[in-house]
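Following: one structure in structure tokens, then a few remarks.
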Amino acid sequence: MTVEQAQTFSADDYSLASLQSKKGSTTVSVCIPARNEESTIAAIVDSVIAHFGPHVDEKQPLVDEVLVIDDRSTDETAARATSAGARVISVNSVLPQAGVGSGKGNVLWKSVAACTGDIIVWVDADLRSFTPSYILGLLGPLLNDPQVALVKGFYERPEQNGSGGGRTTELMARPLLSTFFPELGSIHQPLSGEYASRRSILEQVPFSQGYGVEVGLLIDVARLVGVHRIAQVDLGVRIHRNRPLKALSPQAMEVLHAVLRRADSVNTDGLGRSLIRPDGPPVAVHTDERPSLLSTPGYRQTGGA
């Protein structure tokens, strides 16, 4: 039996001119979830606008909107993003009737509601390796092939100060996917924060509120449209703020919950919702989920609908 696999590309396969010629009336939003990222946010926003904004080609800009959704930052993140030219929205101001929520996935869910694009590209705000090729690579498969529903970035992640990236992927996400969803085993980096999808797809699926959001979306989109409609793109090198091992445990637990919730053979009633350590108080993890936007009251009144 033939097993479906995700299509694989390289960011070098795409140019600005070629994607502009394919874009047509499709609108594109680049959404950047951010919390206390004042040291990196302005450079990312500035690069996206400088290379793909309306001043590059007023008639056919590749990117129609750069949205920074600020997750209760206490530093200069919002001010610096605004100065760089982004539209900045507080997470609390989006769908307030749905409740405040918390966690990265909550911010991504609200960014879909807040933005205006037909295609949504997400990039993390702590990137120190961001280049325009990230945007070209993530948009390329979607603009070239209307059947592609989701594009995941993958990259080389060099060590910094002896600490490498991808630890949660290798120790948690990959074993879980291999156990419960082996059809997704061809995905290089299922937890990558750089990816893109169509609004029409994202509106239909739930969002895990915490760091399980990426793997949850991957599973749900594959179930919705098939693995063959998922693409992955080599974006080169990714450098960001690596977290100490102890800080990864809550994230790994959130990934665990997201996968088990979607595994048909597992009863998730009564699963623990706190990470317990012998040397400190329990740490609450974000395991709740946001429902599909299409089922969320008030969504049609937001800027993205």
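The values are calculated or read from the model by the stated rules, or taken from the named source; none is laboratory data. Values in this document were obtained by computation on a predicted structure and should not be read as measured data. FYI the Cβ positions are ideal-geometry reconstructions off the backbone, even for glycines, and counts take in every protein chain you see.
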Name the residues in segment 28-46 that are surrounded by fewer than 17 Cβ atoms within 10 Å (Cβ to Cβ) and either under 16 Å from the mean Cα position of the chain (by Cα) or among the hydroxyl-bearing types (Ser, Thr, Tyr) (or both), would you? SER39
By my count, helices (runs of 4 or more DSSP H) wholly in segment 99-212 with at least 3 residues that are of a type in the set (Gly, Ala, Ser) are 104-114, 132-144
Of the residues in segment 19-57, those that are within 22 Å of GLY236 (Cβ to Cβ), of a type in the set (S, T, N, Q) and either in contact (Cβ under 8 Å) with a residue 60 or more places away in the chain or touching a His at 6+ places or on another chain (Cβ under 6 Å) (or both) come to THR40, SER47
Residues of segment 95-112 classified as more than 18 Å from the chain's Cα centre (by Cα) and on the phi < 0 side of the Ramachandran plot, total: 4
If you check GLU194 against the conditions, is it modelled with pLDDT of 95 or more and of a type in the set (Asp, Glu)? yes
Looking at segment 68-98, which of its residues are part of a loop (DSSP other than H, G, I, E, B), in contact with a helix residue (DSSP H, G or I) (Cβ under 6 Å, 6 or more places away or on another chain) and acidic (Asp, Glu)? ASP71
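Does ARG157 satisfy being more than 23 Å from ARG290 (Cα to Cα), at pLDDT below 95, surrounded by fewer than 24 Cβ atoms within 10 Å (Cβ to Cβ) and basic (Lys, Arg)? Walk me through how you get there before you give the answer.
Working: more than 23 Å from ARG290 (Cα to Cα): yes; at pLDDT below 95: yes; surrounded by fewer than 24 Cβ atoms within 10 Å (Cβ to Cβ): yes; basic (Lys, Arg): yes.
The answer is yes for ARG157.
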If I filter segment 194-203 for residues that are surrounded by fewer than 21 Cβ atoms within 10 Å (Cβ to Cβ) and in contact with a Leu (Cβ under 6 Å, 6 or more places away or on another chain), do I get at least one hit? yes
Checking HIS286 against (1) within 30 Å of LEU143 (Cα to Cα); (2) under 17 Å from the mean Cα position of the chain (by Cα); (3) in contact (Cβ under 8 Å) with a residue 40 or more places away in the chain, which single condition isn't satisfied? (1)
Flagged in segment 16-71 as of a type in the set (D, E, K, R) and over 19 Å from ALA113 (Cβ atoms), in numbering order, are LYS22, LYS23, GLU37, GLU38, ASP46, ASP57, GLU58, LYS59
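Check ASP57, ASP70 and return the single one that is surrounded by fewer than 16 Cβ atoms within 10 Å (Cβ to Cβ), among the charged types (D, E, K, R) and under 30 Å from LYS23 (Cα atoms).
Details: ASP70 fails: surrounded by fewer than 16 Cβ atoms within 10 Å (Cβ to Cβ).
Being surrounded by fewer than 16 Cβ atoms within 10 Å (Cβ to Cβ), among the charged types (D, E, K, R) and under 30 Å from LYS23 (Cα atoms) holds for just one of ASP57, ASP70, which is ASP57.
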The condition from (1) surrounded by fewer than 23 Cβ atoms within 10 Å (Cβ to Cβ); (2) under 16 Å from LEU67 (Cα atoms); (3) of a type in the set (S, T, N, Q) that GLN97 misses is numbered (2)
For segment 16-63, which positions are β-branched (Val, Ile, Thr) and under 20 Å from ALA196 (Cα atoms)? THR26, THR27, VAL28, VAL30, ILE32, ILE41, ILE44, VAL45, VAL48, ILE49, VAL63
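Examine segment 43-61 for a residue that is in a strand (DSSP E or B) and in contact with a helix residue (DSSP H, G or I) (Cβ under 9 Å, 6 or more places away or on another chain), and state whether such a residue exists.
Residues of segment 43-61 that are in a strand (DSSP E or B), as a first pass: none.
No, segment 43-61 contains no residue that is in a strand (DSSP E or B) and in contact with a helix residue (DSSP H, G or I) (Cβ under 9 Å, 6 or more places away or on another chain).
For residues in segment 251-305 being among the β-branched types (Val, Ile, Thr) and not in a loop (DSSP other than H, G, I, E, B), which is nearest to SER111 (Cα to Cα)?
Initial filter on segment 251-305 (among the β-branched types (Val, Ile, Thr)): 255, 259, 266, 268, 276, 283, 285, 287, 296, 302.
Now restrict to residues that are not in a loop (DSSP other than H, G, I, E, B): 255, 259, 283.
Details: VAL255: 21, VAL259: 23, VAL283: 26 Å.
It comes out as VAL255.
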Would you check if ARG128 is over 18 Å from SER47 (Cβ atoms) and loosely packed, with under 15 Cβ neighbours inside 10 Å? no
